[in-house]
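Encoded as structure tokens, the structure appears first; notes follow it.
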Amino acid sequence: MSNDINNKRGSKAKIAIVIVTFLFFAWGLTMNLVNALNTPMANYMQISATKASLLQMSYFGAYFFLAIPASIVAKKHGYKVGIMMGLSLFVIGSLLTIPATSSMNYNLFLLAMFITASGAATLETNCNPYITKLGDPEKEAFRLNLAQSFNGVGNIVGPFILGSVIGEILEPNDAGFEAAKTSFLQGTKTIYIGIAIALAIVLAIFFFVKLPVPQGDEKENSEDNSRGLKKLFEIPHFSLGVLAAFIFIGLQVGGMALFSAYALKHWEAMSAGTATKYLGIVSLLFTVGRFVTTPLMSKFKPNKILGVYMSITAILMVIVALGFGKVSVIAFIISYLFISIGFPTVYSLSLVGLTGNDAKTGASILTMSIVGAAIIPVIMSAVGDRFSLQAAMGLTVIGFIYCAWYGFVGSKKGLEGDL
């Protein structure tokens with residue numbers, strides 16, 4: 001009888017993981033879609049690059065503001081309600097792009113992106129710990145990396161869809177500019193309407209499907225034994241993990257933001273179009289890295305994989321910082337094969353030993369750390385403007401060394417025995 005119950009629970013868990021994994025794809029798509037919108041939006045709305053960058057500020061800023069409220073909802077009502085809240089915000093934000101693009105109101109479009117990202121932040125705050133804790137504790141990193149692999153697929157699909165819709169970008173003085181502008185705005189609207197419809201269907205599915213509850217949550221349904229925020233930060237492997245997540249996501253996004261400029265400077269005769277295509281290869285390797293490495297998580301200790309990968313990345317970034325022409329550009333591209341598993345692995349290692357409300361609070365803090373993607377790239381760009389792109393990339397070496405240290409050493413601090 002006990003085996004039948006366990007088998008039934010296992011089957012429900014697998015179904016839940018499949019459904020929730022689709023959401024990783026959804027927010028991965030919109031996250032990189034925002035990055036891809038930056039240049040054409042600045043061009044067709046005829047706004048400055050600084051004002052266009054508010055797209056990223058609106059998107060990543062939502063992660064900082066929504067993580068804690070999303071965690072509170074999850075604590076009081078469970079992961080399912082938290083996920084449904086995220087889907088609802090996602091749909092509302094996506095639909096808000098209709099009046100924003102129709103009226104060519106950039107401020108309204110920023111609001112739409114903030115609400116969309118609020119949905120994404122709420123989903124990430126709930127889905128990451130849910131996937132991590134739903135099953136065998138020894139396979140937490142494996143499950144999260146597998147789900148995050150589909151997030152990487154979304155990162156590739158978003159810009160590809162946008163590129164197929166907008167075609168060639170025309171300058172304001174070019175013939176046919178107004179027609180191209182109309183086509184861009186209409187295409188953008190169509191993409192987000194499609195996203196809204198797809199996620200509305202998923203929202204309906206969640207309304208009727210009963211999600212299994214992670215084992216740690218069952219105990220807290222009757223009693224709240226959570227540590228509280230202050231004591232949570234007193235757990236060494238968690239607090240060190242939050243810092244590693246903040247640094248890592250900032251370096252990941254900052255590197256992608258500077259790649260095209262770096263490639264143009266260090267690869268002789270490379271065109272802007274070719275640099276953009278090479279950036280696509282970077283995103284592809286990033287996704288391949290996750291899919292290839294995820295099976296290794298069940299054979300080798302995730303903390304050691306993280307340590308090795310981040311060490312290799314640091315070495316590659318030394319080559320990038322030294323500026324050896326094509327060799328450095330190739331090293332830059334290859335680095336994203338190893339960067340790929342960084343965030344989900346740091347995330348899962350930070351939550352080791354945390355269950356129930358502690359896991360939910362911890363997840364919200366880790367989600368807030370994504371604000372590093374709004375802060376660190378600015379620092380890297382400032383260093384690049386003041387000194388050189390090589391100096392900016394040199395800063396990443398320090399960050400990746402810390403992430404390697406966290407994998408080998410920091411992730412075990414305060415835990416009994418080895419991971």
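Given the options T125, T116, T101, name the one that is among the β-branched types (V, I, T), buried (at least 24 other Cβ atoms within 10 Å of the Cβ) and over 20 Å from Y347 (Cβ atoms).
Numbers: T125 fails: over 20 Å from Y347 (Cβ atoms); T101 fails: buried (at least 24 other Cβ atoms within 10 Å of the Cβ).
Sole residue among the options that is among the β-branched types (V, I, T), buried (at least 24 other Cβ atoms within 10 Å of the Cβ) and over 20 Å from Y347 (Cβ atoms): T116.
Residues being in a helix (DSSP H, G or I), surrounded by fewer than 20 Cβ atoms within 10 Å (Cβ to Cβ) and out of contact with any Lys or Arg (no Cβ under 9 Å at 6 or more places or on another chain): count how many of those fall in the stretch 69-80.
Adding up the residues that qualify gives 3.
If I ask for residues that are farther than 11 Å from P344 by Cβ and assigned to a helix (DSSP H, G or I), which ones from the stretch 132-149 would you list?
Correct list: K133, P137, E138, K139.
Could you look through the stretch 280-322, keep only residues that are part of a helix (DSSP H, G or I) and among the charged types (D, E, K, R), and pick out the one that is nearest to Q390 (Cα to Cα)?
Looking only at the stretch 280-322, we keep the residues that are part of a helix (DSSP H, G or I), and these are 280-298, 302-322.
Checking the rest, the ones that are also among the charged types (D, E, K, R) come to 290, 304.
Numbers: R290: 27, K304: 29 Å.
Step by step, filter the stretch 280-322, then rank; the result is R290.
Please work out which one of (1) surrounded by fewer than 24 Cβ atoms within 10 Å (Cβ to Cβ); (2) in contact (Cβ under 8 Å) with a residue 60 or more places away in the chain is the condition A363 fails and give its number.
The single condition A363 does not satisfy is (1).
State all residues of the stretch 261-279 that are outside any helix (DSSP H, G or I) and either closer than 22 Å to V153 by Cα or of a type outside the set (S, T, Y) (or both); if no residue qualifies, say none.
W267, E268, A269, M270, listed by residue number.
Being over 22 Å from the mean Cα position of the chain (by Cα), assigned to a helix (DSSP H, G or I), touching a residue at least 24 places away in the same chain (Cβ under 8 Å) and farther than 16 Å from I193 by Cβ is the filter here; which residues of the stretch 81-131 pass it?
The one that is over 22 Å from the mean Cα position of the chain (by Cα), assigned to a helix (DSSP H, G or I), touching a residue at least 24 places away in the same chain (Cβ under 8 Å) and farther than 16 Å from I193 by Cβ: Y106.
So, restricting to helices (runs of 4 or more DSSP H) that lie completely within the stretch 328-409, which ones have at least 3 residues that are under 19 Å from E140 (Cα atoms)?
Filter on the stretch 328-409 gives 342-350, 356-368, 389-408.
What about L415, is it surrounded by fewer than 21 Cβ atoms within 10 Å (Cβ to Cβ), in a loop (DSSP other than H, G, I, E, B) and not small (G, A, S)?
Here the answer is yes, as L415 does meet what is asked.
For T188, which of the numbered conditions (1) in a helix (DSSP H, G or I); (2) within 22 Å of V20 (Cα to Cα); (3) in contact (Cβ under 8 Å) with a residue 60 or more places away in the chain fails to hold?
(2)
With the structure loaded, tell me whether E138 is surrounded by fewer than 24 Cβ atoms within 10 Å (Cβ to Cβ) and not assigned by TED's automatic domain parsing to the domain that holds K304 or whether it fails that test.
Taking the combined requirement at face value, the residue satisfies it.
Where residues in the stretch 47-68 are surrounded by 16 or more Cβ atoms within 10 Å (Cβ to Cβ) and without any contact (Cβ under 8 Å) to a residue 24 or more places away in the chain, which of them is nearest to A121 (Cα to Cα)?
S53
Being in contact (Cβ under 8 Å) with a residue 24 or more places away in the chain, touching a helix residue (DSSP H, G or I) at 6+ places or on another chain (Cβ under 9 Å) and in the same structural domain as V242 (by TED's automatic domain parsing) is true for just one of I315, I339. Which residue is that?
Matching residue, one of I315, I339: I339.
Just to be sure, is Y130 assigned by TED's automatic domain parsing to the domain that holds G28, of a type outside the set (D, E, K, R) and closer than 17 Å to F90 by Cβ?
Criteria met by Y130.
Quick check: is even one residue across the stretch 138-152 more than 20 Å from I19 (Cα to Cα), out of contact with any strand residue (DSSP E or B) (no Cβ under 9 Å at 6 or more places or on another chain) and without any contact (Cβ under 8 Å) to a residue 60 or more places away in the chain?
yes
The values are calculated or read from the model by the stated rules, or taken from the named source; none is laboratory data. Source: prediction; values computed, not measured. All Cβ positions, even for glycine, are placed from backbone atoms using ideal geometry, and neighbour counts span all protein chains on display.
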